[in-house]
Amino acid sequence: MRDYYTLKINLPGGIVSPGTLQNVLRAVRDANGRQIRFGSRQQLLLTVHYEDLRALEKTLKTQPIHYEVNTDQHPNLISSYCGEDVFRTGVWLRESEYHTVLDQFEEPPRLKVNLSDSNQSFTPFFTGNLNFIASPEPHFWYLYVRPKQSNTVFRWPDLIYTNDLGRLAKAVETVLLERWGQGETAFDEAALYAAVTGTQRFITQPATQEVELPEFSLPYYEGFNRYGQRSWLGLYRRDEQFSVDFLLDVCALCLKTRIGEICVTPWKSLIVKGIEEQDRAGWSYVLGKHNINVRHAANELAWQTEDHTDEGLRLKNDVIRYFEKHDMRTFGLCFGVQTRPKSEVFGSVLVRKRPLIQLGQLALFSVYDLYFTENFNPNSRTYFRFEKGLLKIFLPNQIDRLCRKFSARRWLENGKALRVESEQPETGPETPGCVHQCPYCLTVYDPVYGDDRRGISAGVPFAALPADYTCPTCDALKSEMQEVSLAMITTD
């Protein structure tokens, strides 16, 4: 008999109400659970001892909560809703449209379904089997189909209307699983389209061109950040484990301050939106009470590891230590670690473990292959091998080489613009002025402009700012802001 089981609770679209999460967490605590984690498909994961499993299941069955134990027959439906308002500026896709679509899935899908705004790069576009992407035409969606155990992506000939999306997803799923579920016959795009549209009618428009996706740039998703008149809080844990007691306090504060949703991201982190200015002190108290750090380096946040295993996480931590020691630049890249052959992770740089010698199910010796995606875009389905058969000890150095290759490529692509800019005659003083920059979010305080948000008028030097002045974006302390030359200012 197993000592421990993995229990999974899907959070459709990566959205959960504080009340629902609070009920789950209380049941987990009553079953002697102290830590939970979130998966790359925005689901809640828990390791529970077999002696406590029956009591936990009994409690969960009294609530409308779908869960699975040691299986993944119903992958979570993921969405880019977690970045809504805070990371993108789309035209028509808003909160109401997301909820309209999610409400159409009365039964958990058996295939991976992704819902994405085309104007963001925070969540993956093509990691699902059914990938719906908002089109420029209001309330219509592209559909890209990727059969199970396949890397081939097929664009649906039509744009699908929002109110028909769930019904079409169900029809496509049924045909895919019945005809090509086992991968025994070659996938036929025309046959799939004919089988789905031959018996049902949907509101559609012709899809005359491929979807236009933005250049990848992973936003910094941790800490306090302002948007409009409110703030959002990103929560990341280095070991991917969240304390049940901490999350219960988060839920309680959300309920107290009338925040109706908590968002889970594909990066195994949380985002709480809609924090009012008068409630910031309460959030700071909860973070301090549980000793939660929200100042991790961006290159540590840009990783995706597999669920249900810590092996990829340990490898990530080894590479991160190398990054820190050598002060490496990784801006514009994200990294994935794949230690199992059938798992899937999201990344522009991919580390794949494979056995060098295998006897049956026993791998006697393992090595690592290093890949990068086409144009270093993690949404590409095309991989190029950079190095193969690496020992673990040599892996960080080869990732360093690949990062330098990426940076050199970006420099060459932008070199012309940089040279032209450097040749422009200077109209200002010969010696550029100095400003102070936040080392975390890169916000700049320039005395020429002051800080309108904090009531600081133009012309006030940095030294004259109050001692309790903080970064207007992420609330870093004044003492942490660094003096830099205006000519050398960091903008990325």
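The values are calculated or read from the model by the stated rules, or taken from the named source; none is laboratory data. The model shown is predicted, which means the values in this text are computed figures rather than measured ones. Every residue, glycine as well, gets a Cβ built from its backbone with ideal geometry; the counts of neighbours run over all protein chains shown.
The set of residues from the stretch 266-317 being β-branched (V, I, T) and at pLDDT below 95 comprises V294, T309.
With the condition being in contact with an Asp or Glu (Cβ under 7 Å, 6 or more places away or on another chain) and surrounded by fewer than 23 Cβ atoms within 10 Å (Cβ to Cβ), I'd like the strands (runs of 3 or more DSSP E) fully within the stretch 32-145 carrying at least 2 qualifying residues.
Details: elements: 35-38, 44-49, 67-69, 113-116, 130-134, 140-145.
Of the strands (runs of 3 or more DSSP E) lying wholly inside the stretch 32-145, those with at least 2 residues that are in contact with an Asp or Glu (Cβ under 7 Å, 6 or more places away or on another chain) and surrounded by fewer than 23 Cβ atoms within 10 Å (Cβ to Cβ) span 44-49.
Condition check ((1) among the hydroxyl-bearing types (S, T, Y); (2) within 30 Å of C334 (Cα to Cα)) across all residues:
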| position | (1), (2) |
| --- | --- |
| F154 | no, yes |
| T162 | yes, no |
| A171 | no, no |
| E178 | no, no |
| A186 | no, no |
| A207 | no, no |
| V211 | no, yes |
| S217 | yes, yes |
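Among the residues making up the stretch 376-415, a single one is in contact with a helix residue (DSSP H, G or I) (Cβ under 9 Å, 6 or more places away or on another chain), polar (S, T, N, Q) and assigned to a helix (DSSP H, G or I): N397.
Rundown of residues vs (1) exposed (fewer than 14 other Cβ atoms within 10 Å of the Cβ); (2) assigned to a loop (DSSP other than H, G, I, E, B), yes/no style:
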| position | (1), (2) |
| --- | --- |
| A281 | yes, no |
| N291 | yes, yes |
| E300 | no, no |
| R321 | yes, no |
| F331 | no, yes |
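If we keep just the residues of the stretch 474-492 that are modelled with pLDDT under 70 and assigned to a loop (DSSP other than H, G, I, E, B), which is nearest to W232 (Cα to Cα)? Of everything passing the filter in the stretch 474-492, C474 is nearest to W232 (Cα to Cα). Contact map, the stretch 397-410: first residue in the same structural domain as R329 (by TED's automatic domain parsing) and β-branched (V, I, T), second residue outside any helix (DSSP H, G or I) and surrounded by 13 or more Cβ atoms within 10 Å (Cβ to Cβ), Cβ cut-off under 8 Å, separation 6 or more or different chains; pairs are I399/F335; I399/V349; I399/V351; I399/L370.
All of (1) more than 16 Å from R238 (Cβ to Cβ); (2) among the β-branched types (V, I, T); (3) part of a strand (DSSP E or B) hold for V337 with one exception: (1). Within the stretch 141-168, can you find the residues that are of a type in the set (S, T, N, Q) and under 22 Å from F187 (Cα atoms)? Across the stretch 141-168, the qualifying residues are Q149, S150, N151, T152.
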